[in-house]
Amino acid sequence: MARGAKIIVAGGGIGGLSAALGLATRGCRVTVLEQADAFGEIGAGIQIGPNAFHAMDWLGVGEAARRKAVYIDKLVMMDGMSGEEIAHIPVDEPFRKRFRNPYAVIHRADLHGVLLDACRARSDIALVTRARVVGYANDRAGASVRTEKGDAYAGDAVIGCDGIRSRIREQVTGGDAIRLSGHVAYRAVLPIEKMPEDLRWNAATLWAGPKCHMVHYPLQGWKTFNLVATFQTEVDAVGVSEAGTREEILSRFGNVVQRARKLLEVPTEWRRWVLGDREPIENWTDGRVTLLGDAAHPTHQYFAQGACMAMEDAVCLADKFDKTNGDLDAAFQAYQHDRIIRAYRVVLSSRMLGRVYHAEGVERKIRNSVLGAKTPEEFYDGLQWLYGGNGLTP
Ligand SMILES: Cc1cc2nc3c(=O)[nH]c(=O)nc-3n(C[C@H](O)[C@H](O)[C@H](O)COP(=O)(O)OP(=O)(O)OC[C@H]3O[C@@H](n4cnc5c(N)ncnc54)[C@H](O)[C@@H]3O)c2cc1C
């Protein structure tokens, strides 16, 4: 293995920090460039499947993440129109035994914090803030980036981990468009005492309604509940963390039973995301530059797998670097070869799940009938490809 390769990572989110950790443990020196004033994550929850724990174990942060997680008993789908349960997937001991790791929920800042602590503990990772990358260049010696302030960072390779609006991707692809879906997500975190008592379930609960759905689960040692409410509308842009209004969100859940809808009346502050993804592409790499996480395969959140895939990417990339003895060109090709199929399977499955969650009329009846008839083992069999992997399995 070539020791001491110098890697520039653009973006210090979950993907960028995971990439830095993975590559540093394989002998690279990594510089992470983050546009924000400080490294951090938004104040909301995230679900992480067993595959993410496999990846975090490989990166050496699995135990630290496990200490911050909440272990739910099941994933529940409720029919928002009738108020009845459609189906549930137990994620208790038999699930953990089968997939060799738990399904859990965690605060994003805690997950990001675990990765950040691990990066900070290493002398071979440099973390730089207020460095907004605006472009890259390939040259004979490797690749470099330049920032908005005019600084240049040169290395043997560049990894674009700069999210759905990636500047690195723009240059790699020549500028492919974000795909607008018309889906909007509202997010809030409630203190436990504000959560209606009859909804304090130890589950990731999804209420499926016509053209809308909402998800809630406990967080932070049961001190808070995470709430995400999504609906379909007409939008012509993608937006991040704008202020949302109670009127808009309530008007979109008019057909949902009061037991669930009343939850939407509780938050005094909502943040609003206009969602999008991108069409799959067959190449993420330009010379010594490649993409990772949302920069490569932004996805809707319906499979709860975007961050899990970013961590898997990091494992795969570091492993390929190792297996090719530090031949970065070969490593990037092998990495994208393996990851494109798996990550885009998640992207396309997420689109399909959006349709399932928002079904109405006959589609709703079919959904309820098909999902309601499944046994836990049948659900597990259908999820084996996903939860059985860790980034090393294509
Ligand atoms: C409502 C919602 C719910 C979700 N729930 C889940 C879930 O339950 N489970 C799950 O696994 N995933 C979930 N996801 C997806 C997950 O949030 C993303 O897939 C994940 O955060 C991607 O990580 P990333 O590091 O690739 O990108 P980002 O998180 O977007 O990080 C990119 C980083 O790069 C920085 N950056 C951007 N541009 C530049 C630049 N030009 N120069 C330097 N720095 C830059 C940003 O500031 C940021 O720090 C959800 C997403 C949404 C919207």
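Are any residues in the stretch 223-235 out of contact with any Cys (no Cβ under 8 Å at 6 or more places or on another chain) and not in a loop (DSSP other than H, G, I, E, B), and if so, which ones?
Listed by number, the residues that qualify are Thr224, Phe225, Asn226, Leu227, Val228.
Residues being under 16 Å from Ala109 (Cα atoms) and among the small types (Gly, Ala, Ser): count how many of those fall in the stretch 12-51.
11
Please identify the pairs in which a residue from the stretch 362-387 that is crowded, with 19+ Cβ neighbours inside 10 Å has its Cβ atom under 7 Å from the Cβ atom of a residue that is not in a helix (DSSP H, G or I), counting only partners at least 6 apart or on another chain.
Correct list of pairs: Arg367/Ala359; Asn368/Asp79; Asn368/Ile86; Leu386/Gly49; Tyr387/Gly49.
Within the stretch 221-235, how many residues turn out to be under 21 Å from Lys211 (Cα atoms), of a type outside the set (Ser, Thr, Tyr), out of contact with any Phe, Trp or Tyr (no Cβ under 9 Å at 6 or more places or on another chain) and surrounded by 11 or more Cβ atoms within 10 Å (Cβ to Cβ)?
2
For the stretch 328-380, how many residues are assigned to a helix (DSSP H, G or I), farther than 19 Å from Val215 by Cα and among the hydroxyl-bearing types (Ser, Thr, Tyr)?
Selection size over the stretch 328-380: 4.
So how many residues does the stretch 243-283 have that are in contact with a Phe, Trp or Tyr (Cβ under 8 Å, 6 or more places away or on another chain) and either among the hydroxyl-bearing types (Ser, Thr, Tyr) or over 25 Å from Glu360 (Cα atoms) (or both)?
6
Could you say whether any residue in the stretch 42-51 is more than 9 Å from the ligand (Cβ to nearest atom) and either β-branched (Val, Ile, Thr) or at positive phi (or both)?
No, the stretch 42-51 contains no residue that is more than 9 Å from the ligand (Cβ to nearest atom) and either β-branched (Val, Ile, Thr) or at positive phi (or both).
Pairs only if they're at least six apart or on different chains, beta carbon under 7 angstrom, first in the stretch 298-316 and under 21 Å from Asp176 (Cβ atoms), second among the acidic types (Asp, Glu) and near the ligand (Cβ under 7 Å from one of its atoms); list them, first residue then second.
The qualifying pairs are Gly306/Asp294; Ala310/Asp294.
Within the stretch 72-112, take every residue that is free of Cβ contacts under 8 Å to residues at least 40 places away in the same chain and surrounded by fewer than 21 Cβ atoms within 10 Å (Cβ to Cβ) and give me the one that is farthest from Val215 (Cα to Cα).
That would be Lys97.
Return the residue satisfying two criteria in turn: it lies in the stretch 171-184 and is surrounded by fewer than 21 Cβ atoms within 10 Å (Cβ to Cβ) and among the aliphatic types (A, V, I, L, M), and of such residues it is farthest from the ligand (Cβ to nearest atom).
Ala177
Conditions (1) under 19 Å from Gly83 (Cβ atoms); (2) of a type in the set (A, V, I, L, M), marked per residue:
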site	(1), (2)
Ser181	no, no
Arg200	yes, no
Thr205	yes, no
Val215	yes, yes
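I need every pair where a residue in the stretch 158-184 that is under 13 Å from Gly11 (Cβ atoms) and of a type in the set (Ser, Thr, Tyr) has its Cβ under 7 Å from the Cβ of a residue that is modelled with pLDDT of 95 or more and buried (at least 23 other Cβ atoms within 10 Å of the Cβ), sequence separation at least 6 or different chains.
Ser166/Gly160; Ser166/Leu291; Ser166/Ala295
Considering only the stretch 149-170, I want to know if a residue exists there that is surrounded by fewer than 16 Cβ atoms within 10 Å (Cβ to Cβ), of a type outside the set (Lys, Arg) and within 11 Å of the ligand (Cβ to nearest atom).
no
The values are calculated or read from the model by the stated rules, or taken from the named source; none is laboratory data. Small disclaimer: the values here were computed from a predicted structure and weren't measured. Neighbour counts are summed over all protein chains in view; Cβ atoms, including those assigned to glycine, are modelled from backbone coordinates with ideal geometry.
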